[in-house]
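The values are calculated or read from the model by the stated rules, or taken from the named source; none is laboratory data. Here the structure is a predicted model, which is why all the values come from computation and not from measurement. Positions of Cβ are generated from backbone atoms using ideal geometry, with glycine treated the same way; all protein chains shown enter the neighbour counts. Note: areas computed on protein heavy atoms with side chains; ligands, DNA, RNA excluded. Shrake-Rupley method; radii C 1.70, N 1.55, O 1.52, S 1.80 Å.
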Amino acid sequence: EDQVTQSPEALRLQEGESSSLNCSYTVSGLRGLFWYRQDPGKGPEFLFTLYSAGEEKEKERLKATLTKKESFLHITAPKPEDSATYLCAVGTSGSRLTFGEGTQLTVNP
Amino acid sequence: NAGVMQNPRHLVRRRGQEARLRCSPVKGHSHVYWYRQLPEEGLKFMVYLQKENIIDESGMPKERFSAEFPKEGPSILRIQQVVRGDSAAYFCASSPPGRVDTEAFFGQGTRLTVV
């Protein structure tokens, strides 16, 4: 059975304090590793898809990396508007996404 | 994700009533997925549909739940005889044909409360 574990569950940062979120996964046949952002009361907003170990993608202050067992979402010099829950998901055969439970990020001014 | 439209945004039902949740995918997308997010839990896959076909319903509860995506009109998730445990946020996502391994765009969800 596919499994996705995210850590930490919650993270508090000061504005400008860089950090990383972790997503470890166990799947049979990875067809993509997805990162989403979810604000309270909203649907997940797509951020990145990574397909193979060693791949990296960047968007503003966010950078996602992928190894064979885990992915990291690096947040550089975060701002209060980066506060959200960040979700990691794996896509496998059959087109479903298996999600982790998310990391709730709070960035204090 | 602004392109995936779900309605209603909030739905209150009494135990035993039926709930109908609607999802209009991004224009041109022919793949629709339904996910459920229970309080304090992650998103869980329910069902994957293409026009007039259920492709994968392995995440759907065996009873009371059904889904369809007709040739015309929105996809419908139907919950019969709702119980308090059905209270959750239900999200619909869509993806383009031939690109199910890329991103799926999510709607804003329908928050179902069973009283």
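General observations
- When region B:10-53 is filtered for residues that are open to solvent by less than 80 Å² (accessible area, probe 1.4 Å) and aliphatic (A, V, I, L, M), the ones remaining, listed by number, are B:11, B:19, B:21, B:26, B:32, B:38, B:43, B:46, B:47, B:49.
- Test: residue B:86 is more than 10 Å from the chain's Cα centre (by Cα) and within 14 Å of another protein chain (Cβ to nearest Cβ): no
- Selection count where residues are in contact with a Leu (Cβ under 8 Å, 6 or more places away or on another chain), without any contact (Cβ under 8 Å) to a residue 60 or more places away in the chain and in a strand (DSSP E or B), scope region A:64-86: 9
- Selection from region B:54-64 of residues that are open to solvent by 40 Å² or more (accessible area, probe 1.4 Å) and acidic (Asp, Glu): B:57, B:63
- Selection within region A:1-37 - within 12 Å of the chain's Cα centre (by Cα) and under 15 Å from residue A:75 (Cβ atoms): A:6, A:7, A:8, A:20, A:21, A:22, A:23, A:35, A:36, A:37
- Matching entry among B:99, B:78 (being modelled with pLDDT of 95 or more and open to solvent by 30 Å² or more (accessible area, probe 1.4 Å)): B:78
- Considering residues of region B:2-57 that are at positive phi and of a type outside the set (D, E, K, R) only, the residue farthest from the other protein chains (Cβ to nearest Cβ): B:16
- Of all the residues in region A:87-109, those that are within 14 Å of another protein chain (Cβ to nearest Cβ), in a loop (DSSP other than H, G, I, E, B) and of a type outside the set (Lys, Arg) number 7.
- Verdict on residue B:69 being of a type outside the set (D, E, K, R), more than 12 Å from every other protein chain (Cβ to nearest Cβ) and more than 17 Å from residue B:26 (Cα to Cα): no
For (1) of a type in the set (Val, Ile, Thr); (2) open to solvent by 50 Å² or more (accessible area, probe 1.4 Å), each residue gets a yes or a no:
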site: A:28; (1), (2): no, yes
site: A:33; (1), (2): no, no
site: A:41; (1), (2): no, no
site: A:52; (1), (2): no, yes
site: A:55; (1), (2): no, no
site: A:69; (1), (2): no, yes
site: A:82; (1), (2): no, no
site: A:92; (1), (2): yes, no
site: A:106; (1), (2): yes, no
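- Residue list for region B:2-37, restricted to those being at pLDDT below 90 and of a type in the set (A, V, I, L, M): B:2
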